[in-house]
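Written below as structure tokens is the structure these notes are about.
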Amino acid sequence: MKKILIGTTNPSKVSRFEALLAAYDVEFCTLGGLGIAEEPAERGTTPEENAILKAAFYGRYFDTVICNDSGLYFDGLPMDDSRQPGLNVRTPSGGPRLDDEEMIQYYTQLVHSLGGKVLAYYLDGIAVYSRGTISSFMEDSEATRQSAFYLVDKPAKERHMGWPLDSISLNRNTLTYFVHQGNNKYDSQQENIMLGQYRERLIRFLAQALAL
């Protein structure tokens, strides 16, 4: 059995990688479980660069590490607009780090100022540290735009711990919240095909980078 450190304190991200690698004989360790409190400086310009920085940092503590970083982007808003979340999803405009409820409050106010509903998408970067070697993976922005969704200014009552913006995110086809049980975030045939293909590419990358 291979032991892998998940370089995050976000329980939803831990669950995500557990699900992705469920078919493999692996055991996941967490930062909290190993007593690792230090955090790397995230100075990258893309989610992939930040994931690489994290993987290199936590590779000092463990032989095999998976790290993830995400950026949130509002379609139609210039990349240099100060309101564009980008890599600073939890620290908008360089301010203090927001907890889950503070994020919901901040983004509902921001979306309200933009008309109450905006089309948004995530860019996701993943990096693996394996015994001194770092490998990374990120989809291009055009591909991720195909699975864009709406952010709205009226939050649902339900919460996904670690992913608070699911409470203000809507499937753009059904207009149902991501947090509602049974809601398929990407439910058109084309979106499901793309999501399945992305998942397959990501699992292949992880399996190869981790030598599973």
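The values are calculated or read from the model by the stated rules, or taken from the named source; none is laboratory data. Computed from a predicted structure; not experimentally measured. Note: ideal-geometry Cβ built from the backbone for every residue, glycine included; neighbour counts use all protein chains shown. Only protein heavy atoms, including side chains, enter the accessible area calculation; ligands, DNA and RNA are left aside. Shrake-Rupley method; radii C 1.70, N 1.55, O 1.52, S 1.80 Å.
Show the residue pairs that are 6+ apart or on different chains and have beta-carbon atoms under 8 Å apart, the first residue being within region 14-34 and more than 16 Å from Cys67 (Cβ to Cβ), the second being charged (D, E, K, R) and open to solvent by 80 Å² or more (accessible area, probe 1.4 Å). Pairs found: Glu27/Lys3.
Residues that are under 15 Å from the mean Cα position of the chain (by Cα) and in a helix (DSSP H, G or I): does region 64-73 have at least one? Taking every residue of region 64-73 in turn, none turns out to be under 15 Å from the mean Cα position of the chain (by Cα) and in a helix (DSSP H, G or I). Annotation: of all residues in region 76-106 being part of a helix (DSSP H, G or I) and among the charged types (D, E, K, R), the one that is most open to solvent (accessible area, probe 1.4 Å) is Glu101.
Every condition in (1) in contact with a strand residue (DSSP E or B) (Cβ under 7 Å, 6 or more places away or on another chain); (2) at pLDDT below 90 holds for Glu27 except the one numbered (2). Could you please let me know if Gly115 is more than 17 Å from the chain's Cα centre (by Cα) and small (Gly, Ala, Ser)? Spelling it out, Gly115 is indeed more than 17 Å from the chain's Cα centre (by Cα) and small (Gly, Ala, Ser). Residues that are open to solvent by 70 Å² or more (accessible area, probe 1.4 Å), of a type outside the set (Phe, Trp, Tyr) and more than 17 Å from Gly125 (Cβ to Cβ) within region 48-74 comprise Arg60, Asp63, listed in sequence order. If you go through region 107-126 and keep only what is over 19 Å from Phe17 (Cβ atoms), out of contact with any Lys or Arg (no Cβ under 6 Å at 6 or more places or on another chain) and either part of a strand (DSSP E or B) or among the charged types (D, E, K, R) (or both), you end up with Lys117, Val118, Leu119, Ala120. Give region 145-170 a look and list any residue that's at pLDDT 90 or above, open to solvent by less than 60 Å² (accessible area, probe 1.4 Å) and not hydrophobic (A, V, I, L, M, F, W, C), or say none. Scanning region 145-170 gives Tyr150, Asp153, Pro164, Asp166, Ser167, Ser169. Sub-8 Å Cβ pairs linking a first residue in region 89-112 that is over 14 Å from Phe74 (Cβ atoms) and of a type outside the set (Phe, Trp, Tyr) to a second residue that is open to solvent by 40 Å² or more (accessible area, probe 1.4 Å) and part of a helix (DSSP H, G or I), at least 6 apart or interchain, are Leu98/Tyr106, ordered by first then second residue. Tyr129 meets each of the listed conditions (1) in a helix (DSSP H, G or I); (2) at pLDDT 90 or above; (3) open to solvent by 30 Å² or more (accessible area, probe 1.4 Å) apart from (1). Looking only at region 7-30, residues that are part of a helix (DSSP H, G or I) and more than 17 Å from Arg204 (Cβ to Cβ) come to 6 in all.
Test Thr45 against the criterion of being under 20 Å from the mean Cα position of the chain (by Cα) and surrounded by fewer than 18 Cβ atoms within 10 Å (Cβ to Cβ), and give yes or no. So Thr45 fits the description; yes. Screening Tyr198 on (1) open to solvent by less than 60 Å² (accessible area, probe 1.4 Å); (2) at pLDDT 90 or above shows it passes everything except condition (2). Annotation: Ser70 fulfils all but one of (1) at pLDDT 95 or above; (2) hydroxyl-bearing (Ser, Thr, Tyr); (3) over 15 Å from Leu206 (Cβ atoms); the unmet one is (1).
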